[in-house]
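Beneath this line is the structure, given in structure tokens, with notes to follow.
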Amino acid sequence: MNPTENTLDQAVEEGLERLTQERITRTVNQVLEKETGARFTAYVETCMRCGLCADACSFFLSNDRDPNRMPAGKVKQTVWEMLEKKGRVSKDFLRRAVRIAHLECNVCRRCSMYCPFGIDIAYMMLLVRRIIHKLEITPLYIQDTVNSHSATLNQMWVKEDEWIDTLQWQEEDAREEFEDLRIPLDKPGADIMYSVIAPEPKFQAGLIYQAAVIMHAAGMNWTMPSRPGWDNSNMAMFTGDNEISGRIARAFYETAADLNVRRIVMGECGHAFRSVYDVGNRWDAWAMPPFEVVHALEFYHELLTQGRITITEKYGKKVTLHDPCNVSRGRGLHDMAREVVGMTCSDFVEMTPNREHNYCCGAGGGVINCGPPYKGERMVNNRVKAEQLRDTGAQVLIAPCHNCHSGLEDIVHHYELNMEVKFLGDIIYETMEKRVYTPGV
Amino acid sequence: MGEIRMKTCLTAMLVVLAFCFGTAGAQELIRMDTYAFDSTRRPAAVFDHDIHNEAAELDDCAVCHHVWENGTLVEDESSEDSPCSECHGVNPTQENEMALANAFHTKCRSCHIDKGAGPILCGQCHRKMQGGE
Amino acid sequence: MNAFIDFIMGPMVWISFLIFLGGLGYKLYRIIHEVRTKEGYVFSYLTWYHSLRSIGAWLIPFYPRATRQQPFFYGASYIFHLALFVVPLFLSAHIVLVEEAFNVSWPALNDTFADLLTVVIIASLAFFTGRRLIQPEVKFLTTAQDFALLFIVLIPFLTGFLAYHQVFAYQWMMILHILSGEFMLIIIPFSRFSHMITAALTRAYTGSEFGNVRHARDW
């Protein structure tokens, strides 16, 4: 069953059929009354309906300024109406709400910077997703990733032996470059626990290879966990399944605690960073993460500035940099990213707007995870991003985030932009000197 | 768009303004003497002493032309021979905190409120200057 | 009639200010109380520094990027909000009344300048109304309530303007001016006008989340 304008995927449609009006009303009211407080009330009551958030939203801009897709417009079509009708909303309304909250919002928080009052509209969209989750009408593909998280503690049904096997396979391959390279599993007391998202062992194992080479060359005392808890991704965070989301983050921190590491370094992923740095910890009652969590971008910066990694020859092609929401707006790493690019590439061109004001890749916030059924509409919704990319005239697009990476690949193909999408790690791996760092040399 | 609407609105206002400034008054109004003030914000208050007192049935000068000494009102003494500004400075002073304009406002308005008659709103006394004035 | 006018210029002013300030105070208390009992996490992230940093950045005209993208709207909005406070508080006619009641006064605006600012306020309101009627994304969000709010602000300024120029029905214009001004004050805590305090709170929290947790700017 393919989605059309009036239907969504199987999981949503079958879910809607199961619902009774009584359950809809009860669930909506339960979430809006019991799971919110003054913060939510203030957001609803402070909004002056000025429409200034519109310019922030890439969905609005990509669809010829369609008011249905502006941030406050999305709130009007979901939250305001739920409040006005005291939860007595129809199934058609809910179907529209699923589309708005899951497919037409990246929860990128750009609109908070365009609202003069700083109203957090992403928070309200996540509340809608929470209601959708509780009504069991979450889109099929993203729900499947949550099911996987729930059963395996990783996002992609990776089995424990497959995980270990993949790491050993990458270690073996990398030994052709460095004969004594190891991917140390479960090494207690290591300085660093390196963690990745499940798509890496599943179909991008080369990234683990590259990371191992960088770690080895930099002479780091590092380890990777063999047991569940290795995956730092968290799709439950985006479906409003806060309980599973909290479980994932908790297992992750506990793994690091059991290994007694000093800090956690993670691969180039944005949403995973948001989970373990900002969101997952909160459900587990940690105001801030219990470990120092270092995004790859920050880690590369450290290695390069400390001279643990040296660049033989800078990357020569014309590159541009996409600021992933969750590490720029989400962690302020955008300037550091530019420094890393400056240290590794010789021809850099900015895309505008940038830094905190970047446009989301259009895939983030779980949108791409709703899967192939919605790829067509996602491409339409990403037009403004495509135009932004095209305007740079760059040959290579650096995107230090997995979600962005996949989304931008789709955009590049769909809009025939003729760009290569790369991780920062790809660039570093290509340009670094392949020798092991020894202090003082 | 918004600008067009604003222009229409401004034009409407200008028309209203032109109307109100363009109306010429026919009869001359008797107003208070404001020589004590260096400059005035509003047109002098419209006040015809005799008509006022007749309408208000006022015979006792001291009701308005009072005499205060050491913070108390002196009974049976009046001050119609000296200007108000002799005691009430344009600005409040140590000796007399009641400045001249405030004295007028307080005196007139409180009485009009008490008696339930006479003007008490700004523009009812400080009437706009007519064309001929 | 004098007794009625005296009432609306005297006790009713007290009542209005009491409801206005008391209402806002109570609202603020309720919000803080509810946050304390239900969303204590807010205080884990809220800092004075990041709150004031964000509020400050948004108070500087055309400092935030978003405001530079809408120069006409923000220009009108900045002047409108400023005039909304400055005109009533520093109008000579208002100060005279305060002086009469309490024998305290402060410097007043030049009357012609205040008059000009009033025209600016009225023009801004016309502009805001026009936006609501014409600009698609604003029209989409607009309900009758939004026009009502604009109207509630318009009346005291429009009647004040007409009364100052003594155009017609002076006494009734003044009565309408006083009553509508008091109505506006009274309605503030019970309407979205309360954004005059809640906006600072939402901005403070977002500013703190951005600055304190995410090490990023929100302007």
Exercise. Hey, among A:Val384, A:Val421, A:Val380, A:Val396, which residue is open to solvent by less than 10 Å² (accessible area, probe 1.4 Å) and farther than 19 Å from A:Leu126 by Cβ?
Worked result: A:Val396
Exercise. Out of all the residues in the stretch A:277-288, is one or more under 20 Å from A:Ile192 (Cα atoms), away from chain C (no Cβ under 14 Å) and at pLDDT 95 or above?
Worked result: no
Exercise. Failed condition for C:Phe102, given (1) modelled with pLDDT under 95; (2) open to solvent by 80 Å² or more (accessible area, probe 1.4 Å); (3) under 27 Å from C:Thr206 (Cβ atoms), with all others met?
Worked result: (3)
Problem set entry | Near pairs, Cβ below 6 angstrom, 6+ apart or cross-chain, from the stretch C:124-146 (open to solvent by less than 30 Å² (accessible area, probe 1.4 Å)) to any residue that is modelled with pLDDT under 95 and outside any loop (DSSP other than H, G, I, E, B) | C:Ala126/B:Arg5; C:Ala126/B:Met6; C:Ala126/B:Cys9; C:Phe127/B:Gly2; C:Phe127/B:Met6; C:Gly130/B:Gly2; C:Gly130/B:Arg5; C:Arg131/B:Gly2
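When only residues in the stretch A:101-128 that are within 21 Å of A:Gln21 (Cβ to Cβ) and surrounded by 24 or more Cβ atoms within 10 Å (Cβ to Cβ) count, which is nearest to the chain's Cα centre (by Cα)?
A:Ala101
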For this session: Would you check which residues across the stretch A:296-334 are part of a loop (DSSP other than H, G, I, E, B) and either within 14 Å of chain C (Cβ to nearest Cβ) or closer than 16 Å to A:Glu268 by Cα (or both) and list them?
Result: A:His322, A:Asp323, A:Pro324, A:Cys325, A:Asn326, A:Val327, A:Ser328, A:Arg329, A:Gly330, A:Arg331, A:Gly332, A:Leu333
Exercise. Does at least one position in the stretch A:66-86 carry a residue that is under 21 Å from the mean Cα position of the chain (by Cα), within 22 Å of C:Tyr74 (Cα to Cα) and at pLDDT 95 or above?
Worked result: yes
Problem set entry | Per-region count, the stretch B:43-64, residues within 29 Å of C:Pro107 (Cα to Cα), assigned to a loop (DSSP other than H, G, I, E, B) and open to solvent by less than 60 Å² (accessible area, probe 1.4 Å) | 3
Exercise. From the list A:Gly425, A:Gly371, A:Gly365, A:Gly393, which one is on the phi < 0 side of the Ramachandran plot, modelled with pLDDT of 95 or more and small (Gly, Ala, Ser)?
Worked result: A:Gly425
For this session: Looking at (1) open to solvent by less than 50 Å² (accessible area, probe 1.4 Å); (2) away from chain A (no Cβ under 14 Å); (3) of a type in the set (Phe, Trp, Tyr), find the lone condition where C:Trp58 falls short.
Result: (2)
Problem set entry | Tabulated pairs, the stretch A:149-165, first closer than 9 Å to A:Pro201 by Cβ, second part of a loop (DSSP other than H, G, I, E, B) and among the aliphatic types (A, V, I, L, M), C-beta under 9 angstrom, 6+ apart or interchain | A:Asn154/A:Ile197; A:Asn154/A:Ala198; A:Met156/A:Ile197; A:Met156/A:Ala198; A:Val158/A:Ala198; A:Trp163/A:Ala198
Exercise. Among C:Ala204, C:Ala216, C:Ala199, which is the only one that is in contact (Cβ under 8 Å) with a residue 40 or more places away in the chain and facing chain A (nearest Cβ under 9 Å)?
Worked result: C:Ala204
Exercise. Mind checking which residues of the stretch A:165-184 are surrounded by fewer than 17 Cβ atoms within 10 Å (Cβ to Cβ) and not in a loop (DSSP other than H, G, I, E, B)?
Worked result: A:Asp165, A:Gln168, A:Trp169, A:Glu172, A:Asp173
Exercise. On the given criteria, is C:Trp14 open to solvent by 30 Å² or more (accessible area, probe 1.4 Å) and more than 22 Å from C:Leu185 (Cα to Cα)?
Worked result: no
Exercise. Looking at the stretch A:359-372, is at least one residue in contact with a strand residue (DSSP E or B) (Cβ under 9 Å, 6 or more places away or on another chain) and under 22 Å from A:Ala56 (Cα atoms)?
Worked result: no
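The values are calculated or read from the model by the stated rules, or taken from the named source; none is laboratory data. Bear in mind the structure is a predicted one, so any value in this text is a computation, not a measurement. Neighbour counts are summed over all protein chains in view; Cβ atoms, including those assigned to glycine, are modelled from backbone coordinates with ideal geometry. Quick note on the areas: whole protein, heavy atoms, side chains included, nothing else; ligands and nucleic acids left out. Shrake-Rupley method; radii C 1.70, N 1.55, O 1.52, S 1.80 Å.
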